[in-house]
């Protein structure tokens, strides 16, 4: 896997490069102090993964990420946890807080390798149509899984793939959120934001901004809020009140 590091702090670039050097199957093609020089590099080089700082001069990491191809995986690296939600809105695959722990980085790279395989196989059919109305079969990491609708807590969309969350596992498959939402029971699953579809049977509580599934907090998108309140409450609740 080929990666680059973009960070305006020289020491941060050196430390990240040293950590990555200890991880197999990852090659650092270059390090850059700002987004503009990284953009120039990407014009002539293929990169799988970018480790990207957020607070940088001229062009921020968030602004840079918004310009990237959907085939380039992004991991934000920053000392500021308040950017986490915004980073996932930009379809980053992970968010690493500085100082970065080696074991945490290894997990991120393992995740990136899975996503890369899924993106390279995206022309394959990743959902096998079920012959009943209560389950679907998906392909994830070269294996097929049968998932009962009742076991799926929520589905998270990231770029051209989705993460299906059950009570005991997460399965990643190459598909967009709109497609998989059409394949599950519409009366059971609600689209609540650009990035999430939720099984209503797992909703413990909600407010005007978030839905709570146990310890999991899922934001409600502005354009989806009214429809969620109307559908989930049977028209009894008004999101504007």
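The values are calculated or read from the model by the stated rules, or taken from the named source; none is laboratory data. Because the structure is a prediction, the values reported are computed rather than measured. When we count neighbours, we look across all protein chains shown, and the Cβ atoms used for this are built from the backbone with ideal geometry, even at glycine.
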Being assigned by TED's automatic domain parsing to the domain that holds residue 111 and within 18 Å of residue 99 (Cβ to Cβ) narrows it down to one residue among 55, 46, 27, 63; which is it? 55
Got a number for residues in the stretch 185-235 being closer than 14 Å to residue 165 by Cβ and either loosely packed, with under 13 Cβ neighbours inside 10 Å or in contact with a helix residue (DSSP H, G or I) (Cβ under 6 Å, 6 or more places away or on another chain) (or both)? 7
When you scan the stretch 166-176, how many residues do you find that are crowded, with 16+ Cβ neighbours inside 10 Å and free of Cβ contacts under 8 Å to residues at least 24 places away in the same chain? 1
Scanning the stretch 31-56 for residues that are touching a helix residue (DSSP H, G or I) at 6+ places or on another chain (Cβ under 8 Å) and surrounded by fewer than 16 Cβ atoms within 10 Å (Cβ to Cβ) gives 39, 55
State whether one or more residues within the stretch 148-155 are at pLDDT below 90 and touching a strand residue (DSSP E or B) at 6+ places or on another chain (Cβ under 7 Å). no
Against the condition closer than 15 Å to residue 4 by Cα and outside the structural domain of residue 173 (by TED's automatic domain parsing), how does residue 77 come out, does it pass? yes
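Evaluate the following for residue 149: is it farther than 27 Å from residue 71 by Cα, out of contact with any helix residue (DSSP H, G or I) (no Cβ under 8 Å at 6 or more places or on another chain) and touching a residue at least 24 places away in the same chain (Cβ under 8 Å)?
Yes: the conditions hold for residue 149.
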Within the stretch 2-22, how many residues turn out to be surrounded by fewer than 16 Cβ atoms within 10 Å (Cβ to Cβ) and in contact with a helix residue (DSSP H, G or I) (Cβ under 6 Å, 6 or more places away or on another chain)? 0
